[in-house]
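As structure tokens, the structure follows; a few thoughts come after it.
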Amino acid sequence: MTITVDLSIYSLDLVLRTCHVFTSRCFVTPRTVANGRIGVEFVARDEKDSLRDLAGAFSNALLDSHLRAVIATETHTIRELLVAQAFCEADLLDRGDIESDEHADPRGIAG
Amino acid sequence: MRLHEVVAVNGVDRQLIGRVTRTPLSSGRSDAFLLIDDGAPAADAAGYLGVLAVGDFSGAPGSPVAHGLRHLDYLDDGDVVVVDPTGFVRALYRRASQHNFILATEQCNSLCLMCSQPPKTIDDSHRLAEHLRLIDLIDPATAELGITGGEPTLLRDGFLQLIARCRERLPHTALHVLTNGRLFFYRSFAEKLGAIAHPDLVLGIPLYSDIDSHHDHIVQAPGAFEETVIGLHHLDRYEVRVEIRVVLHALSIPRLPQLATFIARNFPFAWQIALMGLEMTGLVHRNLRALWIDPADYQKELREAAAILVDAGMHVSIYNHQLCVLDRRLWSLARKSISDWKNVYLPECNGCDALEQCGGFFQSGTRIRSARIHPLSSSAA
Amino acid sequence: MSGYGLLPFRFTRFDDARTIVVNEAGEHHFLANDDLQRFVMHELPAGGDTFLDLKAKHFLFDSGSIAPFELLATKIRSKKAFLGGFTSLHIFVISLRCEHSCHYCQVSRVSADRERYDMSEETARRALDLAFRSPAPRLKIELQGGEPLLHFERVRQIVEEAQRRAADEGREIEVVVTSNLAMLDDDMLVFFHDHGVFLSTSVDGPEALHNANRPRPGNDSYARAVDGIRRARAVLGHDRVAALMTTTRASLQSPEAIVSEYLRLGFSSIFLRPLSPYGFALRSIRTTGYSMREFLDFYVRALDCILDANAKGRYLAETYAQLLLTRMLTPFATGYVDLQSPAGAGIGAAVYNYDGDVYASDESRMLAEMGDTRFRLGNVHRDSYDAIFGGEALRRIVAASVAESIPGCADCAFLPWCGSDPVHHYATTGDVVPHVPTSDFHEKNFFIFKHLLSLYERDPAIRRIFWSWIRNEAVPSQEVA
């Protein structure tokens, strides 16, 4: 079975990542089809595995990969900052007025 | 009753703070007021800080005297009293009480909807000297002392001085401070408190929601949530013990289980989580419509929250709840907190077999109360 | 910012209706499948329950407040706290000799050749020198074999020297002796008592199963183990003796009987371990082995029995579930070396072999006994501390073990709870980096994470039990719940 994916919707990287997940169920071979499209050939490892289920699962997995890419793009910088902050005694986050003191009280906490 | 009255004074030209004694002292007289009860025989009053007398007293020429007090039965040796030149006499500390506290300041930077001691805007920072003097005079064998407000940290350096003085003079006295913790947002303030290394200090800090805007609304102070949660982490970093206090009312109940999860995840270092019934005094009355929920109607949320915290290994205490409206399964967490001069019981409580274990009511809080107060029979208790 | 911003998290489809999201600090939340898309596309209505839950658990932020970032960074730091305690577990292989000839071990030798298979006094001393170079404030020293009691003189030396040095340096130390207890005598018990030693032994199940798994002359392994446990408890205290079980093909049919045996013997924990594919076990896996699927079926049945006993008021924790649940549900780090990212091997543990060779893990040692020495870090007689613990071999292992960079792991919601075990991957596939979709390691952990979550979500009584395991105390919170 071959599923054709429009690369203007999903990037090649995203399609290949999704293929990886299916390597336990299938032998997966990506092939170029035509401009802007890629064909992915699936041969089920287990003959009883339904092709319809497989195709549906792959489409859903593509959507999930897309969501992951959206999350990664939006949170990439924050993630790096948080992990760096967690392993570093120095303050990498802009910690605002934390390093001021109760006398200067730039936030006006004391009213 | 606490001593709190205005009487005639002679020779009191400044505020005097001293321990009281009925027993004549051979030394240390300059720190002490001599008590002279009605009809007591004439005594040698020389060298004392002053004399407190029920009747007229003229036995100590030159000594400061407050006389005409109604009675002095409630004062005992070792209690601490202040006498103002105006004749205002107050007891600051009673040795026999388990509930002594220092009202550090009446100013506050929050205005909690349910505040039981509404803040005043007067500048009372001059009272710091009185607090420090009081700490010097308190019996070092005192088990526990509170510092409250207002917001004690508003004294800033003065607050640190109070803690340091307690460490110096009362190293065996457990010190419990009620604060909103907001100023510990500044890391260095927490660091300075940690550096005092008080051996038995706990800061009781309120957290009313896992959602910043909800907490800020309840304490009527934008940014308070951010300041308090970061303050809690700063205090942990400098090894200052904290207790997280949650007052239960209609605004804190809906997300109480989620708040419990938030606490277990973010503040696992907390020494105790106190879940407290609403005290029917102060600003509560003004905001009653927004705050009131019958405790009998929030037992499900309370039980769920308590289970989350207990599961996570946290020490949970429930205060200010009458046992007859508290889920039986939560009784083991209930503490009798209402202090000795405040708690009362109702006619409905007559014949209740759980009265001994029950905290009862605040004297101020019997009018608005759960509709389901009822006596328990010993088979249920 | 369109209403709110996302904080880093991963998701995995949990079942037909729900998706699980887990953030960088390991906090999780279940979403209806549709809500995931809405959440990621910034379409969740502010103020709704889902929005507030995700906000409170640090999956999104909606203001300029630094609080979520401060709290998250602190939580991530707490979760990785194991990294600070560099090399805290030190395993000494006192002797390769053993009077048992267990089918699943076979690394050990039934031999009288002390010269060849016993650790020398000098080797032990040098190994201790290395162990005490570790900067960790607390050291755990585990003496194993073979059968360490066959070379008790070395046990005595290591325990005494280690405790003396720990006392001199003001460090905490815990000593565990792993033994089949068959050779345990009263003098040894007195020594263990005087030095506060913990014992760890093997109980594979009821007598017939245990003896079939663990042959020894006289076929009396079970009787000797049970007698040893009884005597050791009497002298050292009940809680000073723990047991491990290894699952063989023969065990698969008897989860109930195995759990009953642990209950009957009065243990408070049981560790359901699959056969590890190391040492000679790898060669014989075709004859004595089983698939991971079969093990997991066994695990589920055994766990049911264990939960059943707990529900009836008898505390018995399953050690692996206890470890995973602690990672899933608490803000704390755990020190289990086989499941860390980066791997605990070398960071959390070191193994000193009888001949002075140093390995990053017991599995590396077994692989070396089979002739593949690629995970050997060095030798106590030839190499310096820096060469052993700062060398190329260890760096290779650690670099391969950062799950965040393994294809398939990087996208898995369970990653913050999981880890990698490069030596295991190498032993099973020939590559230190796993092929996740077909990896038995992935299959096991992914399944158990999901299974534990399903149980936790389904049944409040099981929640109570799981939390009692996490607290590691039999006192039930039942009353409150």
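The values are calculated or read from the model by the stated rules, or taken from the named source; none is laboratory data. Fair warning: this is a prediction, and the values are worked out from it, not measured in the lab. Cβ: placed from backbone, ideal geometry, glycine included. Neighbour counts: every protein chain shown.
Got a sec? Which of C:Leu7, C:Leu72, C:Leu89, C:Leu36 is in contact with a Ser or Thr (Cβ under 7 Å, 6 or more places away or on another chain), buried (at least 22 other Cβ atoms within 10 Å of the Cβ) and either within 30 Å of C:Ile158 (Cα to Cα) or within 11 Å of chain A (Cβ to nearest Cβ) (or both)? Talk me through it step by step, then tell me what you get.
Values: C:Leu72 fails: in contact with a Ser or Thr (Cβ under 7 Å, 6 or more places away or on another chain); C:Leu89 fails: in contact with a Ser or Thr (Cβ under 7 Å, 6 or more places away or on another chain); C:Leu36 fails: buried (at least 22 other Cβ atoms within 10 Å of the Cβ).
Just one listed residue meets the conditions, C:Leu7.
Just the residues that are in a loop (DSSP other than H, G, I, E, B), within 25 Å of the chain's Cα centre (by Cα) and more than 12 Å from C:Arg156 (Cα to Cα), please, taken from the range C:183-198.
Scanning the range C:183-198 gives a single hit, C:Gly196.
Take the range C:10-33 and flag every residue that is surrounded by fewer than 18 Cβ atoms within 10 Å (Cβ to Cβ) and of a type in the set (D, E, K, R).
Selection gives C:Arg13, C:Asp15, C:Asp16, C:Arg18.
Name the pairs: first residue in the range B:174-187 and away from chain A (no Cβ under 14 Å) and buried (at least 24 other Cβ atoms within 10 Å of the Cβ), second residue hydrophobic (A, V, I, L, M, F, W, C) and not in a strand (DSSP E or B), Cβ to Cβ under 8 Å, at least 6 apart or on different chains?
Close Cβ pairs (under 8 Å, with a partner that is hydrophobic (A, V, I, L, M, F, W, C) and not in a strand (DSSP E or B)) amount to B:Val177/B:Ile163.
Can you confirm whether the range B:334-349 contains a residue that is surrounded by fewer than 21 Cβ atoms within 10 Å (Cβ to Cβ), on the phi > 0 side of the Ramachandran plot and more than 14 Å from chain C (Cβ to nearest Cβ)?
no
Got a sec? Which strands (runs of 3 or more DSSP E) wholly within the range C:348-419 have at least 3 residues that are at pLDDT 90 or above and surrounded by fewer than 23 Cβ atoms within 10 Å (Cβ to Cβ)? Reasoning before the result, please.
Working: elements: C:349-352, C:357-359, C:376-379.
Here the list reads C:376-379.
Quickly run through the range C:294-333 and pick out the residues that are under 21 Å from C:Ser420 (Cβ atoms) and within 14 Å of chain B (Cβ to nearest Cβ).
Listed by number, the residues that qualify are C:Gln322, C:Leu325, C:Thr326, C:Arg327, C:Met328, C:Phe332, C:Ala333.
Is it true that B:Ala354 is part of a loop (DSSP other than H, G, I, E, B), of a type in the set (A, V, I, L, M, F, W, C) and touching a helix residue (DSSP H, G or I) at 6+ places or on another chain (Cβ under 7 Å)?
Details: part of a loop (DSSP other than H, G, I, E, B): yes; of a type in the set (A, V, I, L, M, F, W, C): yes; touching a helix residue (DSSP H, G or I) at 6+ places or on another chain (Cβ under 7 Å): yes.
Taking the combined requirement at face value, the residue satisfies it.
All but one of (1) within 30 Å of C:His42 (Cβ to Cβ); (2) out of contact with any Ser or Thr (no Cβ under 6 Å at 6 or more places or on another chain); (3) of a type in the set (Val, Ile, Thr) hold for A:Thr4, so report the exception by its number.
So A:Thr4 meets the others, but not (1).
Only one of B:Val325, B:Val242, B:Val246, B:Val229 is away from every other protein chain (no Cβ under 14 Å), crowded, with 19+ Cβ neighbours inside 10 Å and out of contact with any strand residue (DSSP E or B) (no Cβ under 6 Å at 6 or more places or on another chain). Can you tell me which?
Numbers: B:Val242 fails: out of contact with any strand residue (DSSP E or B) (no Cβ under 6 Å at 6 or more places or on another chain); B:Val246 fails: out of contact with any strand residue (DSSP E or B) (no Cβ under 6 Å at 6 or more places or on another chain); B:Val229 fails: away from every other protein chain (no Cβ under 14 Å).
Step by step, each of B:Val325, B:Val242, B:Val246, B:Val229 is checked, and only B:Val325 is away from every other protein chain (no Cβ under 14 Å), crowded, with 19+ Cβ neighbours inside 10 Å and out of contact with any strand residue (DSSP E or B) (no Cβ under 6 Å at 6 or more places or on another chain).
Restricting to the range B:112-158, name every residue that is in a strand (DSSP E or B) and in contact with a Ser or Thr (Cβ under 6 Å, 6 or more places away or on another chain). Before you say what the answer is, go through the steps one by one.
Taking the range B:112-158 as the starting set, the residues that turn out to be in a strand (DSSP E or B) are B:144-149.
Matches in the range B:112-158: B:Leu145, B:Gly149.
Would you confirm whether or not the range A:50-62 contains a residue that is facing chain C (nearest Cβ under 10 Å), exposed (fewer than 14 other Cβ atoms within 10 Å of the Cβ) and either polar (S, T, N, Q) or under 26 Å from the mean Cα position of the chain (by Cα) (or both)?
Yes, the conditions are met somewhere in the range A:50-62.
Can you find a residue that is among the hydrophobic types (A, V, I, L, M, F, W, C) and surrounded by fewer than 16 Cβ atoms within 10 Å (Cβ to Cβ) anywhere in the range B:274-281?
Going residue by residue through the range B:274-281, those that are among the hydrophobic types (A, V, I, L, M, F, W, C) are B:274-276, B:278, B:280.
Add one more test, that the residue is surrounded by fewer than 16 Cβ atoms within 10 Å (Cβ to Cβ), and what stays is none.
The answer is no; no qualifying residue exists.
For the condition under 18 Å from B:Ala270 (Cα atoms) and assigned to a loop (DSSP other than H, G, I, E, B), what is the one hit in B:Glu191, B:Glu239? Steps first, please.
Details: B:Glu191 fails: assigned to a loop (DSSP other than H, G, I, E, B).
Criteria check complete, one pass: B:Glu239.
Looking at the structure I just gave you, is A:Val21 surrounded by 17 or more Cβ atoms within 10 Å (Cβ to Cβ) and modelled with pLDDT under 90? Walk me through how you get there before you give the answer.
Details: surrounded by 17 or more Cβ atoms within 10 Å (Cβ to Cβ): yes; modelled with pLDDT under 90: yes.
So A:Val21 passes the test.
Is it the case that A:Phe27 is of a type outside the set (Val, Ile, Thr), more than 8 Å from chain C (Cβ to nearest Cβ), surrounded by 15 or more Cβ atoms within 10 Å (Cβ to Cβ) and not in a loop (DSSP other than H, G, I, E, B)? Can you show your working first?
Working: of a type outside the set (Val, Ile, Thr): yes; more than 8 Å from chain C (Cβ to nearest Cβ): yes; surrounded by 15 or more Cβ atoms within 10 Å (Cβ to Cβ): no; not in a loop (DSSP other than H, G, I, E, B): yes.
No.
If you check C:His28, C:His58, C:His42, which single one turns out to be within 10 Å of another protein chain (Cβ to nearest Cβ) and out of contact with any Ser or Thr (no Cβ under 7 Å at 6 or more places or on another chain)?
Numbers: C:His28 fails: within 10 Å of another protein chain (Cβ to nearest Cβ); C:His42 fails: out of contact with any Ser or Thr (no Cβ under 7 Å at 6 or more places or on another chain).
Unique residue meeting the criteria: C:His58.
How many of the residues making up the range B:188-225 are surrounded by fewer than 24 Cβ atoms within 10 Å (Cβ to Cβ) and at the interface with another protein chain (Cβ under 9 Å from one of its Cβ atoms)?
8
So is B:Ala43 free of Cβ contacts under 8 Å to residues at least 24 places away in the same chain and either aliphatic (A, V, I, L, M) or more than 23 Å from B:Ala141 (Cα to Cα) (or both) or not? Please lay out each step first, then the result.
Working: free of Cβ contacts under 8 Å to residues at least 24 places away in the same chain: yes; either aliphatic (A, V, I, L, M) or more than 23 Å from B:Ala141 (Cα to Cα) (or both): yes.
It is true that B:Ala43 is free of Cβ contacts under 8 Å to residues at least 24 places away in the same chain and either aliphatic (A, V, I, L, M) or more than 23 Å from B:Ala141 (Cα to Cα) (or both).
Identify, from the list C:Arg114, C:Arg109, C:Arg126, C:Arg77, the residue that is out of contact with any Asp or Glu (no Cβ under 9 Å at 6 or more places or on another chain) and within 14 Å of chain A (Cβ to nearest Cβ). Outline the logic, then answer.
On the way: C:Arg114 fails: within 14 Å of chain A (Cβ to nearest Cβ); C:Arg109 fails: within 14 Å of chain A (Cβ to nearest Cβ); C:Arg126 fails: within 14 Å of chain A (Cβ to nearest Cβ).
So the residue among C:Arg114, C:Arg109, C:Arg126, C:Arg77 that is out of contact with any Asp or Glu (no Cβ under 9 Å at 6 or more places or on another chain) and within 14 Å of chain A (Cβ to nearest Cβ) is C:Arg77.
Of C:Val226, C:Val241, which residue is farther than 16 Å from C:Glu147 by Cα and in contact with a Leu (Cβ under 6 Å, 6 or more places away or on another chain)? Give the derivation first.
Working: C:Val226 fails: in contact with a Leu (Cβ under 6 Å, 6 or more places away or on another chain).
Exactly one of C:Val226, C:Val241 is farther than 16 Å from C:Glu147 by Cα and in contact with a Leu (Cβ under 6 Å, 6 or more places away or on another chain), namely C:Val241.
Mind listing whichever residues of the range B:224-266 are under 23 Å from B:Glu304 (Cα atoms) and among the charged types (D, E, K, R)?
B:Glu243, B:Arg245, B:Arg255, B:Arg265
Only residues that are surrounded by 12 or more Cβ atoms within 10 Å (Cβ to Cβ), modelled with pLDDT of 90 or more and either more than 7 Å from every other protein chain (Cβ to nearest Cβ) or in contact with a Gly (Cβ under 9 Å, 6 or more places away or on another chain) (or both): list them for the range A:65-96, please.
Hits for the range A:65-96 are A:Ser65, A:His66, A:Ala69, A:Ala72, A:Glu74, A:Thr75, A:Ile78.
Given the condition in contact with a strand residue (DSSP E or B) (Cβ under 6 Å, 6 or more places away or on another chain), within 13 Å of another protein chain (Cβ to nearest Cβ), assigned to a helix (DSSP H, G or I) and not polar (S, T, N, Q), answer yes or no: does some residue in the range C:467-479 qualify? Don't jump to the end; show me each part of the working.
Of all residues in the range C:467-479, those in contact with a strand residue (DSSP E or B) (Cβ under 6 Å, 6 or more places away or on another chain) come to C:469.
Subset that is within 13 Å of another protein chain (Cβ to nearest Cβ): C:469.
With the extra rule that they be assigned to a helix (DSSP H, G or I), the set shrinks to C:469.
Pick out the ones that are also not polar (S, T, N, Q) and you get C:469.
Yes, the range C:467-479 has at least one match.
Within the range C:10-24, which residues are under 21 Å from C:Arg77 (Cβ atoms) and facing another protein chain (nearest Cβ under 8 Å)?
Correct list: C:Arg10, C:Glu24.
For the range B:254-270, enumerate the residues that are out of contact with any Leu (no Cβ under 8 Å at 6 or more places or on another chain) and either in a helix (DSSP H, G or I) or away from chain C (no Cβ under 14 Å) (or both).
B:Pro257, B:Thr261, B:Phe262, B:Arg265
Going by the structure shown, is C:Leu272 at pLDDT 80 or above, buried (at least 17 other Cβ atoms within 10 Å of the Cβ), farther than 30 Å from C:Arg126 by Cβ and more than 14 Å from chain B (Cβ to nearest Cβ)? Steps first, please.
Details: at pLDDT 80 or above: yes; buried (at least 17 other Cβ atoms within 10 Å of the Cβ): yes; farther than 30 Å from C:Arg126 by Cβ: yes; more than 14 Å from chain B (Cβ to nearest Cβ): yes.
In short, yes.
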